[in-house]
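The structure appears right after this line, and notes come after that.
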Amino acid sequence: MRTREEPHVFPLIVTSAVASAVPSRLPRQKWAKRPGGGSGAYADVRDTRGGTMGKVKQQGDVIDVILQQHNLIRSLFQEVASASGNERASKFKQLAQLLEVHEDAEEQVVHPMTKRIASEVADARIEEENQAKKVLAQLKSMGPDADGFGELFEKLHQAVDAHATHEEKEEFPRLRDRCDESDLRDMADKFQQVQALKGGQMRR
Ligand SMILES: [Fe+2]
Ligand SMILES: [Fe+2]
């Protein structure tokens, strides 16, 4: 006999490969502050006799991973703007690929969780990403040597910088407050899996 299918915990479409990225239970309340108030887990480093040598930050959580990518994205925007010729084309290609995998992974792994905590924050970020995708597609079809590329590229630069700042100031603090630390670390794994998958597809 068929049993009735249970409804999904949240009405969002995520691919089966990353469905487990978003924990099925609701986010728990804020956990205890970690040493130093930073992100990521900390562990004792011990010497060969078992004595402690201090604490080091272990593998980061999804927010650490994203913040590192935001830095890289911001640097690449500067590099494209100051490069010319083949170097500019190559840096732009690198930036476009990074932006695509970055936003794709956020949309599959991060924004669905934010949507459960503050849906208007997630919706605003997705809308910004959709706008940026349109401009990026336009730039890709023009190519970096086209007239008007520089102006449109600067428009994308400003939009992506503002978008990243909104994520950093409005979205991630909410995730840090409401999500369990282990969930944020699991999300880092899924985020990187989505990017590896997408990167592989883009190279084909
Ligand atoms: Fe984003
Ligand atoms: Fe981002």
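All of the numbers you see were taken from the coordinates with simple rules; none came from a lab. Quick caveat: nothing in here was measured; it's all calculated off a predicted structure.
Hey, which aspartates and glutamates would be in cross-link range of residue 190, C-alpha to C-alpha under 18 Å, not counting anything within fewer than 8 residues on its own chain? Output for residue 190: 61, 64, 100, 103, 104, 106, 107, 180, 181. Remark: relative contact order (the stretch 62-203) = 38 percent; criterion is Cα-Cα distance under 8 angstrom and separation of 6 or more residues. With Cα atoms as the point set, the radius of gyration and Dmax of the stretch 62-203 evaluate to 15.5, 49 Å. In this structure, the amide hydrogen of residue 180, modeled 1.01 Å from its nitrogen in the peptide plane, lies closer than 5 angstrom to those of 28, counting only residues at least 5 positions away or on a different chain. Couplings 3J(HN,Hα) of the stretch 166-180, computed from phi: 4, 4, 5, 9, 10, 9, 5, x, 5, 5, 5, 6, 10, 9, 6 Hz, in residue order, whole Hz [Karplus 6.51 cos²θ - 1.76 cosθ + 1.60, θ = phi - 60°; x for Gly and Pro]. Residues whose amide H lies under 5 Å from that of residue 61, counting only those 5 or more places away or on a different chain, are 40; hydrogens are built 1.01 Å from N in the peptide plane.
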